[in-house]
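Working notes, beginning with the structure itself.
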Amino acid sequence: MESEARGKVMEQFRQGFLQRHQNCREWKKKGRGVMGCFYGLVPKEVVHAAGFLPVQLVEERDGRLEEKAGLLPFLCGMSKNLTGQIYEGRYQYLDGILVGVVCDTNRHVLDIWAHKKVFPYLRLLKTPSTATPAAWKFYASDLRRLAEELGRMSGQEVTEQKLWKSIELYNENRTLMEKFRVSRESLGLSAEEGLYVFASSLVMDVEEHNRLLLNLLESPVKAPRSNSEAPGVLISAMNLNMAWDLIRLVEEYGGRVVGDDFPNNARYGISRIPMEGDPFLALAKGYLRRVPAPGIYSFHERAESLAEQMRLSNAKGLIYLVQLYCDAYAMEYAILKERFDSWGIPHMRLEAEDNPASLQQLNVRVQSFLESLM
Ligand code: SF4
């Protein structure tokens with residue numbers, strides 16, 4: 001693919017993310033529903049099979065939103081930001097919101113939204129923290145109820161055939177995203193561009209996203225861009241805006257981001273759903289303890305997976321970025337840290353708020369960490 005054509009595909013990923021509200025409104029105009037998903041533990045396959053566009057709620061950088069939310073100051077910025085967006089009507093086009101339990105905050109912010117009646121349909125999905133036959137059965141039966149509710153709303157019954165089709169599409173997306181993740185540098189794309197490819201996967205129609213990924217992956221490469229002299233780091237971050245800031249900061253101080261672990265991504269994209277048996281049970285087996293959410297996923301496996309990603313991407317160090325007041329990821333890091341120390345993996349935790357000045361204040365720490373890797 002000529003670089004101009006590649007640029008056009010990348011622009012579609014960029015606009016797919018940046019114009020997400022506009023795109024969703026267009027989708028609605030065609031008479032189709034849009035369902036908000038609070039994080040990666042919502043099985044988007046069921047939402048898709050019922051004819052809705054599943055759209056992950058993502059943070060927007062606007063200082064007024066937290067104030068608008070009026071939540072307690074010690075709650076995480078993510079919950080305050082999303083609440084502010086909802087109160088301000090930025091998600092007015094949604095037919096409802098599904099919350100897959102990841103932490104106490106995302107579980108209970110739903111109660112506040114329900115109290116305020118922000119949407120007529122607000123649904124909690126309880127996610128057991130075990131992966132036993134009893135847990136799979138419990139979760140699968142809740143997903144069956146969810147499919148019935150969504151099918152009634154959209155007028156499109158979720159048949160087994162439709163659900164398998166949706167599972168297949170999301171599995172294809174997982175496979176393509178994984179291929180993209182390992183080949184991003186050899187495709188000549190920057191970490192910043194890579195983040196747009198990922199971010200758009202959270203808010204775009206899966207078939208369209210698969211088509212764009214195929215275009216990108218199947219095209220010949222002219223000149224891979226890589227400054228192999230610069231120390232490579234893996235970054236782990238939840239907040240997308242902060243991840244973009246961190247990528248720029250790393251590059252400003254002579255490093256390069258060779259791999260990324262966006263917990264949204266890992267949760268949603270890490271493993272394929274088994275295509276056998278009952279589709280609801282298959283989803284239960286594909287989600288429970290397979291999606292690395294802190295506290296309901298094995299910390300040891302999480303540490304091993306990050307170490308493996310570092311090995312595969314030749315990263316010399318790991319920067320773990322936590323949003324202020326996010327206890328879930330602060331706790332995860334405290335436990336992972338012991339493993340990283342014992343394995344001799346250079347790592348650093350940064351804690352900041354979602355505004356450019358907050359991370360910029362930590363520039364000296366980023367600079368010294370990168371220097372220690374040279
Ligand atoms: S995981 Fe962290 S950022 Fe996300 S809702 Fe929970 S506390 Fe907030």
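The values are calculated or read from the model by the stated rules, or taken from the named source; none is laboratory data. Just so you know, these numbers come straight off a predicted model, no measurement behind them. Positions of Cβ are generated from backbone atoms using ideal geometry, with glycine treated the same way; all protein chains shown enter the neighbour counts. Calculation scope for accessible area: heavy atoms of the full protein, side chains included, ligands and nucleic acids excluded. Shrake-Rupley method; radii C 1.70, N 1.55, O 1.52, S 1.80 Å.
Points to keep in mind about this one:
- Convex hull per residue volume in Å³, alpha carbons only, for region 229-374: 111 Å³
- Cα gyration tensor shape of region 1-83, rounded if a/c is under 1.5, else prolate or oblate by comparing a/b with b/c: oblate
- If you run the Gaussian network model on the chain, springs between alpha carbon atoms under 10 Å, then out of K126, K116, K28 the most flexible one is K116.
- With contributions of -39500 (n - 2.57) from each DSSP H run of at least four residues, the per-residue ellipticity at 222 nm computed over the chain stands at -17000 deg cm²/dmol.
- Summed over the residues of the chain and divided among them, the accessible surface reaches 43 Å² per residue at a probe radius of 1.4 Å.
- Extended-chain gain in nm, criterion 0.36 nm per residue less alpha-carbon gap, Q15 and E371: 124.6 nm
- Most fluctuating residue given options K117, K137, K68, as computed from a GNM of the chain linking Cα atoms under 10 Å: K117
- GNM on the chain, alpha-carbon springs under 10 angstrom: the most fluctuating residue among G84, G63, G100 is G63.
- Computed label-point distance, nm, for sites H300 and D278 using a 7 Å Cα→Cβ extension: 3.1 nm
- Counting every alpha-carbon pair across region 108-195, the share separated by more than 16 Å comes to 73%.
- Rounded to 10°, Cα long-axis angle of helix 363-373 versus longest principal axis of the chain: 70 degrees
- Kirkwood Rh and Cα Rg combined as Rg/Rh, region 32-158: 0.98
- Rounded percent of accessible protein surface that carbon and sulfur make up, the chain, 1.4 Å probe: 50 percent
- Extension gain (nm, one decimal) between K29 and E251, 0.36 nm per residue minus Cα-Cα: 75.8 nm
- When Rg and the Kirkwood Rh are both derived from Cα coordinates, the Rg/Rh ratio for the chain amounts to 0.95.
- Normalising the Debye intensity of region 307-357 to I(0), with uniform scatterers on Cα atoms only, and taking log10 at q = 0.16, 0.30 Å⁻¹ returns -0.52, -1.15.
- Evaluating kT/(6 pi eta Rh) at 4 °C and 1.567 mPa s, with the Kirkwood radius of region 96-253 over Cα pairs in the Stokes-Einstein relation, gives 68 µm² s⁻¹.
- Mean separation of Cα contacts under 8 Å, 6 or more apart, over the residue count of the chain: relative contact order %: 19 percent
- Pairs of Cα atoms nearer than 8 Å and 6+ residues apart set the relative contact order; for region 1-87 it is 19 percent.
- Gap separating the Cα centres of region 16-88 and region 301-351, nearest whole Å: 28 Å
- The base-10 log of I(q)/I(0) for region 74-140, evaluated at q = 0.16, 0.28 Å⁻¹, reads -0.61, -1.28 [Debye formula, identical scatterers on Cα atoms, solvent excluded].
- 3J(HN,Hα) along region 69-78: 5, x, 8, 4, x, 8, 7, 5, x, 4 Hz, from the Karplus curve 6.51 cos²θ - 1.76 cosθ + 1.60 with θ = phi - 60°, whole Hz, x for Gly and Pro.
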